[in-house]
Number of protein chains: 2
Amino acid sequence: MSPRPDVRDERVNQILDAAELVFAQKGFNQARMEDIAEEAGLSKGTLYLYIKDKDDLIVSILDRIFTGVFELMSTRDLAEKSATDALLDFASKMSHGYQKLSRLLPIAYEFFSLAFRNPVVQKVLKTYLQHYLESVLPVIQRGVDSGEFKEVDPQEVAIAFAAIFEGTTLLWAYNQELIHLDQHILAGVNLLLEGIWA
Amino acid sequence: MSPRPDVRDERVNQILDAAELVFAQKGFNQARMEDIAEEAGLSKGTLYLYIKDKDDLIVSILDRIFTGVFELMSTRDLAEKSATDALLDFASKMSHGYQKLSRLLPIAYEFFSLAFRNPVVQKVLKTYLQHYLESVLPVIQRGVDSGEFKEVDPQEVAIAFAAIFEGTTLLWAYNQELIHLDQHILAGVNLLLEGIWA
DNA sequence: TATAAATAACTGACCAGTCAGTTATTTATA
DNA sequence: TATAAATAACTGACTGGTCAGTTATTTATA
């Protein structure tokens, strides 16, 4: 018999949305809980009804992001295509996904930095690479088995693809005039593909 | 005649060394000036005889790093070699250089994050890419002109190479068991080269 | 009216930067 | 050569402001 309707889920998302925005604008340390509260249209005290503390926001935001990206990385729908087409589709999906998440890039790099001293964050990032490899390795292996690709080391190729995704994104992050995410990821992927075609 | 020898340069470097170490360990915001003073073997008050404030340390450290890396990126000594060998030598030089600087990686990603809100940092990073392109573009162009490479867009290729450097380093940063910087940068570069050979 | 939801006011730990005072080294001169 | 004067180098206690997290109180509704 609640005297008020349960608004927990709504409030939590409201707070995480606000925290993402404020963290991206000011960085984790400069962001004040007061700022997040204001952005969420709540008072500071109310935040603490729904989150444990400021650190808790990091983990929650990471969770939300990676849940989304993991869905993005699925290659189940690419099983019918040639390995080349599957990789191209995957790359295009990734670069669109990254572009959509670009508002979170400042947060992402802060997390990368944080990973050096925070085991939880490091674990999350390792899991990310793991997921990626699980998605992409079978596709490359299929290309090798079918004779579509040379006898390359699939892991090396998968890592090179990942490096193109991550590296191009990083260059784009502070050079959006010179780098065009879509175009340059596609160019990089195509160069790699040229290198592995049988 | 000064009553004491001038120790300014020595002290400044001493402080920057300490700041690099402490920033890498704790991150910029968690690092206390007291910590840096202790690490430098000086008192907190003395720091302020040689630096303006905490923010000033960021710019000074960035300056020191990039001065070193810009030297590394010179391709003057590679003019005699084939474009392929020049790029391979360049890649090897870069991966060794990055490995040597790996203690600064946490700082690097904090700077990337900072670049989104700090114009000075953003400028420095842009200059970095500029320098890189000025070093690498002529080598690729030479390869195209000599018929060693296909008729590729040199800028796209240069950016793909840079993405391999930066991306592999990023993956390696939180995955040193799975990724081997030397090996995977070399593998990536070789795949790209395979893709552009005439 | 019982209680979930929200709030505004509050507290205390923290720390960048300051500055009055101290120490160490060199120079001048009796 | 002793020692006084000059000053560069250094110190650490202190201050003022900030802000994460708490609490006492009010508001809204089932």
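The values are calculated or read from the model by the stated rules, or taken from the named source; none is laboratory data. Since the model is a prediction, treat every value here as computed from it, not as a measurement. All Cβ positions, glycine included, derive from the backbone under ideal geometry; neighbour counts span all protein chains shown. For the accessible areas, the whole protein counts, side chains as well, though only heavy atoms, and no ligand, DNA or RNA atoms are used. Shrake-Rupley method; radii C 1.70, N 1.55, O 1.52, S 1.80 Å.
Take the stretch A:179-198 and flag every residue that is more than 7 Å from chain B (Cβ to nearest Cβ) and either acidic (Asp, Glu) or open to solvent by 20 Å² or more (accessible area, probe 1.4 Å) (or both).
A:His180, A:Asp182, A:Gln183, A:Leu186, A:Asn190, A:Trp197, A:Ala198
A quick yes/no check of all residues on (1) more than 14 Å from A:Thr169 (Cβ to Cβ); (2) within 13 Å of chain A (Cβ to nearest Cβ):
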| position | (1), (2) |
| --- | --- |
| B:Pro138 | yes, no |
| B:Val144 | yes, no |
| B:Ile164 | no, yes |
| B:Trp172 | yes, yes |
| B:Glu177 | yes, yes |
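Identify the residue in the stretch B:1-34 that is more than 14 Å from every other protein chain (Cβ to nearest Cβ) and open to solvent by less than 50 Å² (accessible area, probe 1.4 Å) and, among all such residues, is nearest to DNA strand D (Cβ to nearest atom). I'd like the intermediate steps shown before the answer.
Taking the stretch B:1-34 as the starting set, the residues that turn out to be more than 14 Å from every other protein chain (Cβ to nearest Cβ) are B:1-19, B:33-34.
Subset that is open to solvent by less than 50 Å² (accessible area, probe 1.4 Å): B:7, B:12, B:15-16, B:18-19, B:33.
Working: B:Val7: 4, B:Val12: 10, B:Ile15: 10, B:Leu16: 14, B:Ala18: 12, B:Ala19: 15, B:Met33: 9 Å.
Filtering the stretch B:1-34 for residues that are more than 14 Å from every other protein chain (Cβ to nearest Cβ) and open to solvent by less than 50 Å² (accessible area, probe 1.4 Å), the one nearest to DNA strand D (Cβ to nearest atom) comes out as B:Val7.
Determine whether B:Thr84 is part of a helix (DSSP H, G or I), open to solvent by 60 Å² or more (accessible area, probe 1.4 Å) and among the hydroxyl-bearing types (Ser, Thr, Tyr).
In short, no.
Looking at (1) in a helix (DSSP H, G or I); (2) among the small types (Gly, Ala, Ser); (3) free of Cβ contacts under 8 Å to residues at least 24 places away in the same chain; (4) closer than 22 Å to B:Ala115 by Cα, which is the only condition B:Ala31 fails?
That leaves (1) as the condition not met.
If you go through the stretch B:139-155, how many residues are surrounded by fewer than 17 Cβ atoms within 10 Å (Cβ to Cβ), in contact (Cβ under 8 Å) with a residue 60 or more places away in the chain and not in a loop (DSSP other than H, G, I, E, B)?
Residues flagged as surrounded by fewer than 17 Cβ atoms within 10 Å (Cβ to Cβ), in contact (Cβ under 8 Å) with a residue 60 or more places away in the chain and not in a loop (DSSP other than H, G, I, E, B) within the stretch B:139-155 amount to 0.
Does A:Leu49 satisfy being in contact (Cβ under 8 Å) with a residue 24 or more places away in the chain and part of a helix (DSSP H, G or I)?
Numbers: in contact (Cβ under 8 Å) with a residue 24 or more places away in the chain: yes; part of a helix (DSSP H, G or I): yes.
So A:Leu49 passes the test.
If I filter the stretch B:72-79 for residues that are more than 11 Å from DNA strand C (Cβ to nearest atom), at pLDDT 95 or above, farther than 20 Å from A:Asn29 by Cβ and open to solvent by 30 Å² or more (accessible area, probe 1.4 Å), do I get at least one hit?
Initially, the stretch B:72-79 is screened for residues more than 11 Å from DNA strand C (Cβ to nearest atom), giving B:72-79.
Add one more test, that the residue is at pLDDT 95 or above, and what stays is none.
Within the stretch B:72-79, not a single residue is more than 11 Å from DNA strand C (Cβ to nearest atom), at pLDDT 95 or above, farther than 20 Å from A:Asn29 by Cβ and open to solvent by 30 Å² or more (accessible area, probe 1.4 Å).
Could you check how many residues of the stretch B:87-103 are open to solvent by 50 Å² or more (accessible area, probe 1.4 Å) and modelled with pLDDT under 90?
The qualifying residues number 1.
Of all residues in the stretch A:48-71 being open to solvent by 60 Å² or more (accessible area, probe 1.4 Å) and acidic (Asp, Glu), which is farthest from A:Ala18 (Cα to Cα)?
A:Glu71
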